[in-house]
1. Report the dimensions of region 104-157 along its three principal axes from the alpha-carbon atoms, largest first, rounded to Å.
2. May I ask you to order 128-139, 106-117 by the average number of other C-beta atoms within 10 Å around their residues, highest value first?
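Here, each number is a calculation from the coordinates, and none is a lab measurement. The structure displayed is predicted, hence computed values, not measured ones. We place every Cβ from the backbone using ideal geometry, glycine too, and count neighbours over all the protein chains shown.
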């Protein structure tokens, strides 16, 4: 009777309390979840000042860097003419681009043509994840620390470099075009020019006349490129005739 009614009222009150508490806890959980997501976004967007100068953010790096090292799969296979084009443009006809050991400058050029096209701090981050051994080499390839998006970008930059190289006849011409596309002033590396001439001399020692013609054409190529960059509106047909008539 009265005790039973009182018991029912208490039970309903407790149910209400439980419902309110459950709702509050659920709301708190949702709020905590939203706060956690917001904090994560803020952390990803937070600008990090680097010791070597410049800035980066976790978000920009996480968009390209893998959470763990990826299994090796070649990104510069023999079927892709990346190295063969580099060798052709440098006149390295006595070297095999398929050989694992390559001239030291090739590694520098891979950084220049591929990895430097990523956002500014991707390459320094890859060097941290994949440091040099005491002997100077690295245990892994840099691209093994890129995620799927990063490796897709790498292949895009590789293929763009190949396409541009295939339109050129010298390494100087290729680099001049590459720097012009990206709006970077290109200065002649006299050391590399001298080195190229010495390589040509070794390759053409049996035919000095051919050697002289190659050097003259190369010098004219440099002159044409410089004149075009300084005075792009000038008619240079007479120089082209001289160059190809030599």
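1. Taking the Cα atoms of region 104-157, the three principal extents are 31, 22, 17 Å.
2. On the way: 128-139: 9.7, 106-117: 16.2.
Final packing ranking: 106-117, 128-139.
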